[in-house]
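For reference, the structure is listed below as structure tokens.
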Amino acid sequence: MEIKNGIMEIKDIIQGRRSIRAYLPDPVSKDQLQSLILEAGIWAPSAGNAQTWRFLVVTDQSLLRKVELVSPGLSGAPPALIVICQDLEESRIKGGTLGPQLLSIADAAMAAQNIMLYAHALGLGTCVIASFHREALQAVLNLPEYLVPIFIVAVGYPKIIPRAPLRKKDVIWINEYR
Amino acid sequence: MNTDKEQKSKFNYKQIIDLICYSIVSARNLLQEPKIYGPLRAIEIACRLIDSIPLELQKDSPLLMLREHIEAAKSSVVEGEDSFQRHLDSLVSDVVAILNNRKKEDIK
């Protein structure tokens, strides 16, 4: 990884990030987890500057285990999770019907990507997960009905870094789709 | 010295409950998830079943190698469906070999 002036080039960060599915047991500090959210997550754009996202950090191992059991997509024993939720009531007020249907999901996705890129720049591994049972996760995390988990971002130090999957490049058209 | 039967009774009850929970949530979620997640969840369950077997029974067991192969298969998903299928075929060969090496007294 090329490092200039103490930071990685943005292109290297984007292309170097991988979905990590095997983590070392080393804990991630509370400060690091908070910085992922405060220095990156909340700096993502949000539709109408709604900022209806809420971030629940899970580091308690017994709680993490419960989350894992209702989240089949979560694997590799990450030591920490950031559950990106949306306040759908506030989203409806700020974004109309489009708020809960689309904007809240898009906003959460952009926040997740910011978190993952910043984490990679800090030497952490991440994986974004949507494969969980929403109501079960709400129950395990004791969340109110209006606060809906959209994504889980697993965070930890990578044990195995997978190769980059091939990228399809024939996905661009200029001015006209043929 | 513990008998094989006594050791088997030490199966981690909590792990089994966890596995039941994981299986049921997976079944529900798979209704709406990509098709390839199905085999992925199935081999993950196989992995967790192996982990629920007490270490003393896993010793010298072909299941340890099988577990390694399952991990490799899980990783192969990102390489595409063909690669994943090859790994799954190889896992099938592994379990068939385990079945064929079973002692007669175990087949009851």
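Annotations for the structure displayed:
- The set of residues in the stretch A:76-88 that are surrounded by fewer than 23 Cβ atoms within 10 Å (Cβ to Cβ) and farther than 22 Å from A:TRP43 by Cα comprises A:GLY76, A:ALA77, A:PRO79.
- Some residue of the stretch B:37-51 being away from chain A (no Cβ under 14 Å) and either surrounded by 14 or more Cβ atoms within 10 Å (Cβ to Cβ) or of a type in the set (Gly, Ala, Ser) (or both): yes
- Filter result for the condition that a residue is in contact with a Lys or Arg (Cβ under 9 Å, 6 or more places away or on another chain) and modelled with pLDDT of 95 or more, over A:ALA112, A:ALA108, A:ALA47, A:ALA40: A:ALA47
- Scanning the stretch B:71-96 for residues that are β-branched (Val, Ile, Thr) and surrounded by 13 or more Cβ atoms within 10 Å (Cβ to Cβ) turns up B:VAL77, B:VAL78, B:VAL95.
- Residue in the stretch A:4-15 that is farther than 21 Å from A:ASN142 by Cα, in contact with a Phe, Trp or Tyr (Cβ under 9 Å, 6 or more places away or on another chain), more than 14 Å from every other protein chain (Cβ to nearest Cβ) and not small (Gly, Ala, Ser) present: yes
- Test: A:GLN61 is within 14 Å of another protein chain (Cβ to nearest Cβ), at pLDDT 95 or above and either out of contact with any strand residue (DSSP E or B) (no Cβ under 9 Å at 6 or more places or on another chain) or surrounded by fewer than 19 Cβ atoms within 10 Å (Cβ to Cβ) (or both): yes
- Checking each residue in the stretch A:65-89 for being part of a loop (DSSP other than H, G, I, E, B) and in contact with a Ser or Thr (Cβ under 6 Å, 6 or more places away or on another chain) picks out A:PRO72, A:GLY73.
- Residue match in the stretch A:103-119 (condition: over 28 Å from B:ILE36 (Cβ atoms) and among the β-branched types (Val, Ile, Thr)): no
- Checking B:SER23, B:SER75 one by one, the residue that is closer than 18 Å to A:PRO72 by Cα, in contact (Cβ under 8 Å) with a residue 12 or more places away in the chain and among the hydroxyl-bearing types (Ser, Thr, Tyr) is B:SER23 and no other.
- Restricting attention to the stretch A:95-127, the residues that are surrounded by fewer than 17 Cβ atoms within 10 Å (Cβ to Cβ) and outside any helix (DSSP H, G or I) total 4.
- Set A:ARG92, A:ARG54: member being of a type in the set (D, E, K, R), surrounded by fewer than 20 Cβ atoms within 10 Å (Cβ to Cβ) and not in a helix (DSSP H, G or I): A:ARG54
The values are calculated or read from the model by the stated rules, or taken from the named source; none is laboratory data. Being a predicted model, the structure only gives us computed values, none of them experimental. Heads up, the Cβs are rebuilt from the backbone with ideal geometry, glycines too, and the neighbour counts pull from every protein chain shown.
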